[in-house]
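Asks: Next up is a structure, given as structure tokens.
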Ligand SMILES: Cc1cc2nc3c(=O)[nH]c(=O)nc-3n(C[C@H](O)[C@H](O)[C@H](O)COP(=O)(O)OP(=O)(O)OC[C@H]3O[C@@H](n4cnc5c(N)ncnc54)[C@H](O)[C@@H]3O)c2cc1C
């Protein structure tokens with residue numbers, strides 16, 4: 001008899017699991033239940049639809065429903081799982097017409113993802129709070145995107161406030177500026193993009209300002225209210241103004257209710273605890289993506305919700321659900337964001353994270369050119385390399401450079417080195433590509449590593465090998 005695999009969630013984790021399961025076991029009956037109507041959509045692309053770069057919104061689909069069907073997945077949209085009966089191996093669902101149904105499984109993969117965090121702002125949330133109809137938006141799903149687009153196209157929108165200057169906040173500021181909206185970004189921390197050190201966050205902030213974005217840091221938005229003119233009055237420390245639209249992007253929290261009700265344990269960030277096989281500890285129940293903890297190769301268990309990770313974890317869960325022996329190798333926290341003409345990227349740990357993980361981190365900042373200075377258009381890339389003072393082991397790297405300076409691929413070199421536990425001075429031995437219009441005999445990645453080595457004089461190779469062993 002063929003194996004029945006049920007997948008809850010039809011985004012990066014759930015679809016990756018279903019596809020991998022069918023790939024390894026073409027006889028498996030794979031049913032994916034999806035609460036919304038948008039299976040396998042790339043929510044990472046939402047800012048580029050809002051900006052107008054990606055049209056129509058349907059282009060955001062990684063695959064069409066027909067592609068998924070052709071790959072052997074039965075996808076039930078508008079179908080929300082409400083309970084898991086672990087002993088009876090079945091789930092209860094609410095169907096699109098509101099009826100209750102049950103689905104039996106041999107193996108279950110849960111990829112319910114995350115929900116946007118709603119900060120404590122008076123006048124927001126709750127039955128009487130301002131919402132999308134008033135021009136106050138959260139932004140996580142395709143439905144959220146439709147609601148925002150309805151506001152942006154359905155009424156005159158001249159000004160916008162974005163609450164939160166993480167990577168989605170900065171991407172959205174670019175999207176709204178591209179639409180001709182006067183855009184303000186406000187957040188409590190002292191510098192934008194806290195995924196990089198403040199020295200690099202300042203470069204990102206300058207780029208935003210250069211494109212007309214008003215950036216208010218150290219600003220706590222505390223209240224929202226409707227004005228008589230249909231605008232939104234915003235109050236907070238240092239901010240008492242009205243805007244036509246408010247977009248709140250203040251992070252996410254894992255959507256764990258289904259699994260917690262079924263008896264799963266939670267850990268870092270309130271996410272469901274899984275092992276490297278993506279097993280939840282509940283018999284025949286696997287989980288992946290933004291709803292679970294992340295195994296970090298340098299930090300151990302953490303919560304780091306990213307699309308790249310969700311795809312990999314989903315693939316592992318799907319393989320193991322059909323009898324495979326896959327392991328999630330762990331994240332090193334690699335991420336990248338485009339901010340107008342700049343690209344900001346990081347991998348590994350910031351100094352304070354490395355300290356908390358028990359290392360003795362030191363950081364060197366340098367600004368090597370992206371290619372030979374004699375070839376037109378050379379631009380510096382600001383690179384911060386963090387490594388352990390005792391062993392010289394690479395712990396992290398952060399880069400900010402111009403779009404076109406291959407920042408994303410350069411951070412991937414550090415990510416690869418981190419994955420393999422390399423020492424900083426070992427990076428000089430890497431055989432990296434060179435031609436004058438694109439690089440230098442010593443690539444910028446290597447020059448920044450050498451700057452760290454000359455500042456911190458790493459231990460001699462023999463001592464280093466002993467320390468890294
Ligand atoms: C605007 C934006 C930009 C982003 N940009 C990037 C980026 O550039 N790079 C990057 O790595 N990451 C990015 N991310 C993060 C990335 O999109 C997420 O990490 C990824 O989507 C997580 O996938 P997931 O499958 O775990 O969960 P989600 O994408 O949250 O999907 C959850 C799925 O579960 C379904 N579901 C939930 N509950 C139920 C239920 N009870 N029953 C049935 N179905 C249910 C939902 O309908 C959905 O299909 C971005 C996110 C956003 C919002």
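Asks: Out of everything in region 244-278 that is surrounded by fewer than 22 Cβ atoms within 10 Å (Cβ to Cβ), more than 22 Å from the chain's Cα centre (by Cα) and without any contact (Cβ under 8 Å) to a residue 60 or more places away in the chain, what residue ends up being farthest from residue 93 (Cα to Cα)?
Replies: This residue is 265.
Asks: May I pose another question? In the list 345, 310, 329, which residue meets the criterion of being buried (at least 21 other Cβ atoms within 10 Å of the Cβ) and under 30 Å from residue 285 (Cα atoms)?
Replies: Details: 345 fails: under 30 Å from residue 285 (Cα atoms); 329 fails: buried (at least 21 other Cβ atoms within 10 Å of the Cβ).
From the options 345, 310, 329, the qualifying one is 310.
Asks: Give just the number: which of (1) surrounded by 20 or more Cβ atoms within 10 Å (Cβ to Cβ); (2) modelled with pLDDT of 95 or more does residue 425 not satisfy?
Replies: Unmet for residue 425, out of (1) surrounded by 20 or more Cβ atoms within 10 Å (Cβ to Cβ); (2) modelled with pLDDT of 95 or more: (2).
Asks: Here's a follow-up. Check 459, 361 and return the single one that is modelled with pLDDT under 95 and within 30 Å of residue 329 (Cα to Cα). Steps first, please.
Replies: On the way: 361 fails: modelled with pLDDT under 95.
Going through 459, 361 in turn, just one is modelled with pLDDT under 95 and within 30 Å of residue 329 (Cα to Cα): 459.
Asks: When you go through (1) away from the ligand (no atom under 15 Å from the Cβ); (2) more than 23 Å from residue 318 (Cα to Cα) one by one for residue 267, which number turns out not to apply?
Replies: For residue 267, the exception is condition (2).
Asks: Going by the conditions given, is residue 387 closer than 30 Å to residue 176 by Cβ, touching a helix residue (DSSP H, G or I) at 6+ places or on another chain (Cβ under 6 Å), modelled with pLDDT of 95 or more and in a strand (DSSP E or B)? So that I can check it myself, show each step before the final result.
Replies: Details: closer than 30 Å to residue 176 by Cβ: no; touching a helix residue (DSSP H, G or I) at 6+ places or on another chain (Cβ under 6 Å): yes; modelled with pLDDT of 95 or more: yes; in a strand (DSSP E or B): yes.
No.
Asks: Exactly one of (1) away from the ligand (no atom under 14 Å from the Cβ); (2) surrounded by fewer than 18 Cβ atoms within 10 Å (Cβ to Cβ) is unmet by residue 161. Its number?
Replies: Here residue 161 clears every test but (2).
Asks: Just checking, how many residues over region 155-180 are closer than 24 Å to residue 58 by Cα and at pLDDT below 95?
Replies: Qualifying residue count for the region: 1.
Yes or no, residue by residue, for (1) within 12 Å of the ligand (Cβ to nearest atom); (2) without any contact (Cβ under 8 Å) to a residue 40 or more places away in the chain; (3) not in a strand (DSSP E or B):
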position	(1), (2), (3)
304	yes, yes, yes
311	yes, no, yes
320	no, no, yes
328	no, no, yes
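Asks: Given the options 161, 148, name the one that is part of a helix (DSSP H, G or I), in contact (Cβ under 8 Å) with a residue 24 or more places away in the chain and more than 20 Å from residue 257 (Cβ to Cβ). Steps first, please.
Replies: Values: 161 fails: part of a helix (DSSP H, G or I).
Residue meeting the stated conditions: 148.
Asks: Taking residue 170, is it buried (at least 22 other Cβ atoms within 10 Å of the Cβ) and within 22 Å of residue 208 (Cβ to Cβ)?
Replies: yes
Asks: Limited to region 281-297, what total is found for residues that are surrounded by fewer than 24 Cβ atoms within 10 Å (Cβ to Cβ) and under 22 Å from residue 408 (Cβ atoms)?
Replies: 2
Asks: When you scan region 210-293 for strands (runs of 3 or more DSSP E) that lie fully inside it, which ones turn up with 1 or more residues that are touching a helix residue (DSSP H, G or I) at 6+ places or on another chain (Cβ under 8 Å)?
Replies: 214-216, 221-226, 232-236, 245-248, 252-254, 285-287
Asks: How many residues are within 12 Å of the ligand (Cβ to nearest atom), surrounded by 24 or more Cβ atoms within 10 Å (Cβ to Cβ) and not in a helix (DSSP H, G or I) when one looks only at region 1-33?
Replies: 8
The values are calculated or read from the model by the stated rules, or taken from the named source; none is laboratory data. Computed from a predicted model, the values in this text were never measured in an experiment. Backbone-built Cβ (ideal geometry, glycine too); neighbour counts: all protein chains shown.
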